[in-house]
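This report refers to the structure that appears directly beneath it.
What follows is calculated from the coordinates using simple rules that are stated; it is not laboratory data. Here the structure is a predicted model, which is why all the values come from computation and not from measurement. Glycine also receives a Cβ, built like all others from the backbone with ideal geometry; neighbour counts cover every protein chain displayed.
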Amino acid sequence: MSTIINNLGILWSGFAMTLALVAVSSIAALILGTILATFRVSPVPILRSASTVYVEVIRNIPSTVIFFFALFALPQVDLQMDFFAAAVTALSVYYAAFFCEAVRSGINAVAVGQLEAARAVGMTFGMSLRQIVLPQAWRSVIPPLINVFIALVKTSAIASAFGVAEMLNVMERLINSDATAVLPILLTTAVLYLAITLTAGLFAGRLERKVAVSR
C-alpha cells in the first residue's frame, strides 16, 4: 500500500479529472439527448427523421470509433481541440443517443389527453413540451437516466488511451512505475470508480422516492 499512499496526489488528480470529464459530458449529453427526444416526437417530419437517423446510427457505432473521429477526423476540417474537449465531445455525442431514448420513453408515458388539453387552451407544441410533458417525463425516467450515466462513467475510461489524465491513465502510469503494486493499484482504481457509480445510484434512489412522494 506504500505505492498508493505515496501517490495519493496523483490518484486524486486522476479522480478529479474523471469527475470533470463525466460531469461535463453528462450535462452536455443530457441536453442534446433531450433536444433529440423532442425532435423525435415533433410534428415536423424532417426533425423526426433527422433525430431518428442520428440515434440509430450513433447507437450502432462503437464508442471508440466516436473517440477516434473526435480526435483525428475533426482536426481535418479545422476543428481543433485539446484531448479533454475531444473526449467530452465524443462522450456527449455518443451518449446523447441513449439519453434521447430514455427521455423519449418518458415523453411517451405522458397521457395524450394532457397534450390535447394544452392545445385546447392555446398552448403551442413547444410550450406544452416545456411546461407539461418534459417535467413529467424526467421524473418518470430517473432510473434509466442513471443507468446511462453509469455507462458513461465506465466508457470515460477510453479517454485514457487518448491522452486524458483521468483515473485509468493514472493507474497505467503507476503500474508502469511499480509493477509489484499491481493489485493495490487496481483495487484502488476500482474503488474510485465505484465511489462515483454507487453514489449516483444512491442519489437516484433518493430522488426517485422524493419525486414519488411529491406526486
Response to the item:
So, relative contact order of the chain in percent, Cα under 8 Å, 6 or more apart, is 28
Discussion item. Quick check: pseudo-label points 7 Å beyond the Cα along Cα→Cβ at ILE46 and ALA151, how many nm apart are they?
Written reply: 3.1
Worksheet item: Kyte-Doolittle mean at least 1.0 and Cα extent at least 30 Å along the axis: which DSSP H helices of the chain qualify?
Response: 8-40, 83-109, 182-214
Worksheet item: Quick one: Cα centre-to-centre distance for the range 1-47 and the range 140-181, in angstrom?
Response: 11
Item to complete: Calculate for the chain the 222 nm mean residue ellipticity that helices alone would give, adding -39,500 (n - 2.57) per DSSP H run of length 4 or more and normalising by residue count, nearest 500 deg cm²/dmol.
Response: -25000 deg cm²/dmol
Worksheet entry | Charge sum, other residues only, whose C-beta stays under 15 Å from ALA157's C-beta, Lys/Arg counted +1 and Asp/Glu -1 | 0
Worksheet item: Among ALA20, ALA165, ALA195, which one shows the biggest mean-square fluctuation in a GNM of the chain, springs joining Cα atoms closer than 10 Å?
Response: ALA195
Discussion item. Let me check against my output: what whole-number percent is the relative contact order of the range 113-215, with C-alpha pairs under 8 Å and at least 6 apart?
Written reply: 27
Worksheet item: What is the dipole size for the range 40-172, taken about its Cα centre, with +1 at each Lys and Arg Cβ and -1 at each Asp and Glu Cβ, in debye to the nearest 20?
Response: 580
